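Take a look at the structure below.
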Amino acid sequence: MAGYILALDQGTTSSRAILYDDHARPIKMAQQPTTLQTPKAGFVEQDAQQIWQTQISCAHDVINQAGLLATDVTSIAITNQRESIVMWDKQTGKPLAPAIIWQDRRTANYCKTLAAESATNSMDDSVHQGADSANMADEVQRITGLRLDPYFSASKIAWLLENNPKLSVRASKGEIAVGTIDSWLIYKLTGGEHVIDVTNASRTLLFDIHKLAWSETLCDRFAIPMTILPKVLPSDGDFGKTKKAYLQSKYPFKPCSAISRPRFLGKAVSMLAWPKILMAQGALC
């Protein structure tokens with residue numbers, strides 16, 4: 001029997017699982033809604049446990065619908081909502097706060113203030129000459145290719161640490177982990193792998209796109225210990241294997257990508273030159 005690929009699609013309003021055969025044909029699909037919470041103006045959150053429970057439930061559903069054995073699924077791929085972050089206990093795997101979603105704007109004033117600050121005191125050796133007058137907005141864009149904006153992950157992580165002193169202390173001790181939604185799902189599914197796909201890392205506002213590594217400069221300026229960040233892997237890297245308790249077999253994770261970079265299926269199976277169309281909050285081709 002040919003191998004099947006289980007694709008997990010964790011979006012802003014729902015979790016989905018789609019089972020594909022080795023010709024990239026969808027066989028079964030399951031979907032469950034997730035709930036957005038807006039406790040205050042500008043706040044947009046989700047229950048990280050609900051994200052996990054709906055995603056694993058959808059995975060079980062499609063495997064059961066197809067009547068497959070555990071050994072019939074050869075790999076798992078993940079695509080996910082970008083920029084949203086989860087913080088959890090490294091030992092227990094329990095979330096320590098609600099997931100802060102990409103639409104959240106609670107750090108707008110923080111980002112505005114930081115953008116105007118001088119970058120001189122935080123520059124690393126890679127800063128080009130003549131940049132002494134650069135502000136942090138310029139420096140962030142030079143390092144990450146992104147604007148300094150609350151849309152991205154960095155200020156969300158900084159907010160959690162600044163507004164929860166106990167979390168800040170635990171972060172300094174290396175007791176907590178943080179990551180985007182792919183990191184959270186992989187950690188749960190593998191029982192402890194703390195990794196992130198490079199496309200998700202590139203949307204955190206902490207990733208140096210020139211060095212392809214976390215930026216010490218930006219982690220320092222946002223007061224985020226680098227020890228709480230996941231290991232960055234290529235989209236087609238080896239992300240570990242599932243814990244048997246969750247899917248009854250040790251499926252390997254292969255491709256993984258942020259939702260606006262839907263490369264995972266093309267790398268998971270041999271395909272013809274099909275166009276890719278992404279339908280999420282908008283449409284991309």
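Here, each number is a calculation from the coordinates, and none is a lab measurement. What you see is a predicted model, and the numbers here were worked out from it, not measured in a lab. We place every Cβ from the backbone using ideal geometry, glycine too, and count neighbours over all the protein chains shown.
Some notes on this structure:
- Proximal charge balance of T107 [Cβ under 10 Å; K/R count +1, D/E count -1]: +1
- For the pair Q53 and T113, the difference between a 0.36 nm per residue extended length and the Cα-Cα distance amounts to 17.8 nm.
- Annotation: amide H-H contacts under 5 Å for D208 (H modelled 1.01 Å from N, sequence separation of 5 or more, or interchain): A213, W214, S215.
- For K231, the shell of other residues with beta-carbons less than 14 Å away shows a net charge of -3, using +1 for Lys and Arg and -1 for Asp and Glu.
- Distance from the Cα centroid of the range 200-234 to that of the range 23-69 is 28 Å (rounded to whole angstrom).
- As a rough guide to protection, the peptides 37-50, 215-228 ranked by mean Cβ packing within 10 Å, highest first, stand as 215-228, 37-50.
- Vicinal HN-Hα couplings computed from phi for the range 106-114 (Karplus, 6.51 cos²θ - 1.76 cosθ + 1.60; Hz; Gly/Pro x): 5, 9, 4, 5, 4, 5, 5, 5, 5
- Model label points for Q37 and K231, set 7 angstrom from Cα along the Cα-to-Cβ axis, are 3.3 nm apart.
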